[in-house]
């Protein structure tokens, strides 16, 4: 992708992580280590939700950073660094899911609920329910239930929700990561919220735990 000088300048001036990546392009090991420190945990959290396996998520995060380093010489600042990084992560995750589907492995959806941030889970819960639950949930229980509900979404909806609520990316940035239009992202997130509400409402009202895996529609 050819990036105009004005676009490159805009992202270089506006995003400190882009400036770090430009240092990586110039073979700065310290800059690369700093980017790994800033993004490794966030990458693993998102990939964990996407592929449903913590160990695999850690391996995939390493693969993402390996690709970043291998492609450093061709890097051009045409987007926020986080958008560029999660685009690579999305491709890596999709490749892993396709490979696993070919091997017909069973996808796991059971995780340690403490591994995800409470505030992000609260945001998902609030977005899906429209209000805080009438039943009082402790934080561990809430994270567990919301994780299961997010796991019940289809892959596209799940990734859009994770990038929106965990990474706080804009519609435009999520659209770039997923290679669809911002309007399509808006519709995708609206459907995801409806599906989350449908899955979570029985639990919030009656204590019925959501299924661990589902389809979530398109």
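Structural remarks
- Residue 58 vs. criteria over 30 Å from residue 146 (Cβ atoms) and in a helix (DSSP H, G or I): no
- Residues in the stretch 154-166 that are at pLDDT 85 or above and in a loop (DSSP other than H, G, I, E, B): 154 alone.
- Residue match in the stretch 88-106 (condition: assigned to a loop (DSSP other than H, G, I, E, B), within 16 Å of the chain's Cα centre (by Cα) and not assigned by TED's automatic domain parsing to the domain that holds residue 149): no
- Residue match in the stretch 63-72 (condition: at positive phi and outside any helix (DSSP H, G or I)): no
The values are calculated or read from the model by the stated rules, or taken from the named source; none is laboratory data. Predicted, not measured: the structure shown is a model, and the values here were computed from it. When we count neighbours, we look across all protein chains shown, and the Cβ atoms used for this are built from the backbone with ideal geometry, even at glycine.
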